[in-house]
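To start, I am sharing the structure in question, which I have written as structure tokens.
The values are calculated or read from the model by the stated rules, or taken from the named source; none is laboratory data. Keep in mind that what you see is a predicted model, and the values were worked out from it rather than measured. Methodologically, a virtual Cβ is constructed for each residue, glycine included, from the backbone with ideal geometry; neighbour enumeration extends over all protein chains shown.
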Amino acid sequence: MVIQIRDLVPGADTAQQGGIVLPQLQAAMATGAPFVVSFDHIQTATSSFVNAAFVPLLQIYSFSAVKQQMRVVKSTRQINEMIRSRLQRVSMDAAA
Amino acid sequence: MDVSIADFGLGIPAKVRETVKDLSDPQAVIQAVQEGFTSKSTPGNAGLGLDSLLKTVVGSGIGEVTIYSLHAIVRFRSGTNGQISPFPVENVGFCPGTTIEIKLRTDLIEQLPDEREELEW
């Protein structure tokens, strides 16, 4: 399964856009199978977008499970750092 | 390169004092940039925006950020140990709302490759 962010929203800029993406990610995680998230044609992602699209996954799944199932491809260093740092931070706060 | 962003809202100190009372305007600005602190002005805010800005600009050594809000002027610079330090500036003026001024050293900004990358956990 491949989730093309650009097919769902025009950009990764707002929490509202993240809220549109989240159900797709939740459905993909629910299958238990590996899946791919593509940021092709998306240059940047704000913390608001990542907070709305990815962080809620950690309310149901462990960070380890998310890392095992989800591959992020055709992305940029900024987007990858934003996703990685936010999820790492939230998982650390939950463990504390 | 200088970038400035302004709004005419309540101002950071007023919003911060809704959560943490008895702070001066400069103290409130310094509180506002702490990672995880949020006034929840928008549901879902995680208190990361200003912290992220400071880490990206000041923490990486490519510039400085100055926040003007109400009676506060606070400049954020990188110290000799690489830490982000606030420097309140004596102020006799007043900024309605908030203005954030970002000064970037364009000669120090890393040129990232255009190639797409896969996220490595």
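All but one of (1) at pLDDT 95 or above; (2) more than 22 Å from B:LEU53 (Cβ to Cβ) hold for A:MET1, so report the exception by its number.
(1)
In addition: For the range A:40-96, which residues satisfy the criterion of being within 14 Å of A:ALA30 (Cα to Cα), crowded, with 20+ Cβ neighbours inside 10 Å and facing chain B (nearest Cβ under 10 Å)?
A:MET70
Let me ask another. Mind listing whichever residues of the range B:1-24 are part of a loop (DSSP other than H, G, I, E, B), of a type outside the set (Ser, Thr, Tyr) and without any contact (Cβ under 8 Å) to a residue 40 or more places away in the chain?
Scanning the range B:1-24 gives B:ARG17, B:GLU18, B:VAL20, B:LYS21, B:ASP22, B:LEU23.
What are the pairs with Cβ atoms under 6 angstrom where one residue, in the range A:29-46, is at pLDDT below 95 and the other, located anywhere, is assigned to a loop (DSSP other than H, G, I, E, B) and surrounded by 13 or more Cβ atoms within 10 Å (Cβ to Cβ)? Sequence gap at least six, or different chains.
A:THR46/A:ASP13
Identify, please: which residue in the range A:1-15 is of a type outside the set (Asp, Glu) and within 14 Å of chain B (Cβ to nearest Cβ) and is, among those, farthest from A:PHE49 (Cα to Cα)?
Once the filter is applied, the top-ranked residue is A:VAL2.
If B:THR106 satisfies all but one of (1) touching a helix residue (DSSP H, G or I) at 6+ places or on another chain (Cβ under 6 Å); (2) over 21 Å from B:ARG17 (Cα atoms), what's the number of the condition it fails?
Exception for B:THR106: condition (1).
Within the range A:54-96, how many residues turn out to be touching a residue at least 24 places away in the same chain (Cβ under 8 Å) and either under 20 Å from B:GLU35 (Cα atoms) or outside any helix (DSSP H, G or I) (or both)? Write out each step before concluding.
First, pick out the residues of the range A:54-96 that are touching a residue at least 24 places away in the same chain (Cβ under 8 Å): A:54-58, A:60-63, A:65-66, A:68-76, A:78-79, A:82-83, A:86-88, A:90-91, A:94.
If we keep only those that are either under 20 Å from B:GLU35 (Cα atoms) or outside any helix (DSSP H, G or I) (or both) as well, we get A:54-56, A:58, A:60-62, A:70-76, A:78-79, A:82-83, A:86-88, A:90-91, A:94.
Total satisfying the criteria: 24.
Of (1) surrounded by 16 or more Cβ atoms within 10 Å (Cβ to Cβ); (2) in contact with an Asp or Glu (Cβ under 8 Å, 6 or more places away or on another chain); (3) modelled with pLDDT of 90 or more; (4) within 29 Å of A:GLU81 (Cα to Cα), B:SER39 satisfies all except one. Which?
(3)
Among the residues of the range B:1-33, which ones are out of contact with any helix residue (DSSP H, G or I) (no Cβ under 7 Å at 6 or more places or on another chain) and closer than 30 Å to B:ASP107 by Cα?
Across the range B:1-33, the qualifying residues are B:MET1, B:ASP2, B:VAL3, B:SER4, B:ILE5, B:ALA6, B:ASP7, B:ILE30.
Now for a separate question. With the condition kept exactly as written, say whether any residue in the range B:68-85 is at pLDDT below 90 and within 14 Å of chain A (Cβ to nearest Cβ).
no
Might you let me know whether the range B:98-105 holds any residue that is in a loop (DSSP other than H, G, I, E, B) and either surrounded by fewer than 19 Cβ atoms within 10 Å (Cβ to Cβ) or among the charged types (D, E, K, R) (or both)?
Yes, the range B:98-105 contains at least one residue that is in a loop (DSSP other than H, G, I, E, B) and either surrounded by fewer than 19 Cβ atoms within 10 Å (Cβ to Cβ) or among the charged types (D, E, K, R) (or both).
Moving to a separate point now. If the requirement is being touching a helix residue (DSSP H, G or I) at 6+ places or on another chain (Cβ under 6 Å), among the aromatic types (Phe, Trp, Tyr) and under 24 Å from B:LYS15 (Cα atoms), which of these qualifies: B:PHE76, B:PHE94?
Answer to the check: B:PHE76.
Ok, one more. In this structure, does B:ASP114 turn out to be assigned to a loop (DSSP other than H, G, I, E, B) and under 30 Å from A:SER38 (Cα atoms)?
So B:ASP114 fits the description; yes.
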